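Following: one structure in structure tokens, then a few remarks.
The values are calculated or read from the model by the stated rules, or taken from the named source; none is laboratory data. Please read these numbers as outputs of a predicted model, since none were measured by experiment. Methodologically, a virtual Cβ is constructed for each residue, glycine included, from the backbone with ideal geometry; neighbour enumeration extends over all protein chains shown.
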Amino acid sequence: MLSLLFRIFPGGIAGVARVATATATGLVPVLPFLLWRPVLAFRWRFLAGLLLAVWPGQVFFSGVTAQENWVLLPTVALAALAVRRLRDPADEGHPIVAGLLLCAAAAIRQEMLVAMSVPALAAAGFPGRGPGRTTRLLRFAAAAAIPLALLAAERRAATGRFSITTEHGGLTVLGTLVPGSAAAGWLDPTLYVASIEPALLKEPARLRSAAWGLAADEARRRYRFHALRVATALLRLSVESDAQNLFWSLEAPGALSPDKAPAGAAWARAARPLLRIELALISGFFLVAFLQGIRRRDSAVLVLAFAVVLKTSLQVAFSPLGRLMVPAIALELLVIALTAADLAGPAAGRERVAVLLLSVLASVVLLASLPPLERLAIRKDEPPPRIARFPLAIAGGGGWVECAVESGRLTAIAGDRAWIGSTDAAARVACRLPELRPGATLGLDLEAPAVPGGRDPGAGFERVEADGQERYRLDAGSEAAGSWRRIPLASATEPPPRTVAVETRGATAGFGFVRRVPGAPALPRDRTLP
């Protein structure tokens, strides 16, 4: 979608993407206001749009170019269409529009195909009585299936797989289950795989298929703990999601210019407690509105609430990260607006007071119960595994290096890059290189370590050894943390070493090997990772 805008505005791509995303999310409040016109009075349609427009968590997140922002348009449109059809007895459904909106939501975020299936069926006219049910079903199926098939064909041209889903589902589930994931909610499972079956890292396709089995084994091994973890994740998503999203809008690398980054970080720290209260109130009011819908057998409320339950369940299972809850919170706000409209009559005065008090009470319970439950889950969790040996791919081809952690800890592996670190002593990794073809060049990309605030005057020291001889030394703080530079290890006239050791002291630094064959384009000497 953005590539079309980039062709019109080729300069300043990041700014164009942010403005386009903020504009798209700014249109979302208009959808229920317009689509609910036949079934709700002006003030309740205005309330629904107002809740979406002034929702602080989304306002602060709206400039982030993320799938979660773009999926709001088809998600809210589909939800509003479902409510319109369920609240209007004369509305027989909109099968073609419902199918297209479901396809659009699934194209942006694949799990929305499941989460929005019930609202899509409701918007299409199911279940329904009277003639034309078979025709509606065929129209809905065609409107959803044909664009999804075209999307799958496009992705087959890029990946070789005729599918609308990605292959990393097993790895995503494994990341929620691995030891040490309770604190953040999700950890990259690569280190866990390296600790139990490092050979899988050399075969990405086999790793993706084996991840489901590894996840099942880990779930069975600590099933009691994972029940506690699920409860903690549900509470965290209900309270922390909007506060977590400030990282992407204000604190992530590149989110703000360097001169504004300190002020942005300070503002985020001050705003987070308020956003926790805001989302706890939304969650508390939604929970009571859901119970009201069950008591009243309100199909419109129940359909949207069921979509929220499905979406939240998928996030708890796959990736309990705050930004992924943005579309679910939008649906919660619609449920709250519908419940407010249902309680508008003069006979519902006592009921309104009871709903208000129960909603505030539920919000207080959510806020109060999360910290002790979170501390308990972290305390019961196992520490992340320590890695003794691991393979690391050589960028540009040329096989793998076999590395051994001699001291410190391996903190991350990402493709052809690895990160080592230690809070006090030196972290050291020694790698054995494979036989390389004559004429190939070999380099080591090295990241200047991030030096934490501490008392160790040597923190940030870094050096590289090749076959036992020192080839590079970086004194503490001599280069900006996070910058990368390339250290030549071999050339057409210089044979590659057999072993290379990387050492850093009191800090974390990344490294990776790069191979270039004769005639290939030169790689940049300096590189900065996003």
**Report entry** Only one of T423, T411 that is under 24 Å from E240 (Cβ atoms) and of a type outside the set (K, R)
**Finding:** T411
Query raised in the report: Conditions: (1) in contact (Cβ under 8 Å) with a residue 12 or more places away in the chain; (2) out of contact with any helix residue (DSSP H, G or I) (no Cβ under 9 Å at 6 or more places or on another chain). Q244 meets all but one. Number of the miss?
Result: (2)
Requested in this report: Would you check if there is a residue in the range 339-360 being under 30 Å from V64 (Cα atoms), of a type in the set (A, V, I, L, M, F, W, C) and in the same structural domain as L40 (by TED's automatic domain parsing)?
Outcome: no
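Considering only residues that are touching a Leu at 6+ places or on another chain (Cβ under 7 Å) and in a strand (DSSP E or B), look in the range 487-498 and name the one that is surrounded by the most Cβ atoms within 10 Å (Cβ to Cβ).
Let us first name the residues in the range 487-498 that are touching a Leu at 6+ places or on another chain (Cβ under 7 Å), namely 487, 489-490, 496-498.
Imposing the further condition that a residue be in a strand (DSSP E or B) reduces the set to 487, 489-490.
Numbers: I487: 18, L489: 23, A490: 18.
Among those residues, the one meeting the criterion is L489.
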Query raised in the report: From the set of residues in the range 234-253 that are within 14 Å of the chain's Cα centre (by Cα) and among the aliphatic types (A, V, I, L, M), which is modelled with the lowest pLDDT?
Result: A252
Report summary line: The residue from L187, L174, L191 that alone is more than 30 Å from E92 (Cβ to Cβ) and touching an Asp or Glu at 6+ places or on another chain (Cβ under 8 Å) is L174
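When you scan the range 266-284, do you find a residue that is among the basic types (K, R) and surrounded by fewer than 19 Cβ atoms within 10 Å (Cβ to Cβ), even just one? Spell out the reasoning first.
Of the residues in the range 266-284, the ones among the basic types (K, R) are 269, 272, 276.
Right, trim to surrounded by fewer than 19 Cβ atoms within 10 Å (Cβ to Cβ) and you get 269, 272.
Yes, because at least one residue in the range 266-284 is among the basic types (K, R) and surrounded by fewer than 19 Cβ atoms within 10 Å (Cβ to Cβ).
When the residues of the range 276-317 are filtered to those that are of a type in the set (A, V, I, L, M) and touching a Pro at 6+ places or on another chain (Cβ under 6 Å), which remaining residue is nearest to L235 (Cα to Cα)? If you could, list the steps in order and put the result at the bottom.
Initially, the range 276-317 is screened for residues of a type in the set (A, V, I, L, M), giving 277, 279-282, 287-289, 291, 294, 300-305, 307-310, 314, 316-317.
Checking which are touching a Pro at 6+ places or on another chain (Cβ under 6 Å) leaves us with 303, 307.
Values: V303: 22, A307: 18 Å.
Filtering the range 276-317 for residues that are of a type in the set (A, V, I, L, M) and touching a Pro at 6+ places or on another chain (Cβ under 6 Å), the one nearest to L235 (Cα to Cα) comes out as A307.
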Report summary line: Pairing a residue in the range 160-181 that is free of Cβ contacts under 8 Å to residues at least 24 places away in the same chain with any residue that is among the small types (G, A, S) and not in a loop (DSSP other than H, G, I, E, B), where Cβ atoms lie under 6 Å and the two sit 6 or more apart in sequence or on different chains, gives F162/A152; S163/A152
Report summary line: Going through the range 15-56 in order, the residues found to be within 26 Å of the chain's Cα centre (by Cα), in a helix (DSSP H, G or I) and in contact (Cβ under 8 Å) with a residue 60 or more places away in the chain are L51, L52, P56
Query raised in the report: Which ranges mark the helices (runs of 4 or more DSSP H) fully within the range 72-180 that have 1 or more residues being among the hydroxyl-bearing types (S, T, Y)?
Result: 72-87, 117-124, 133-159, 169-177
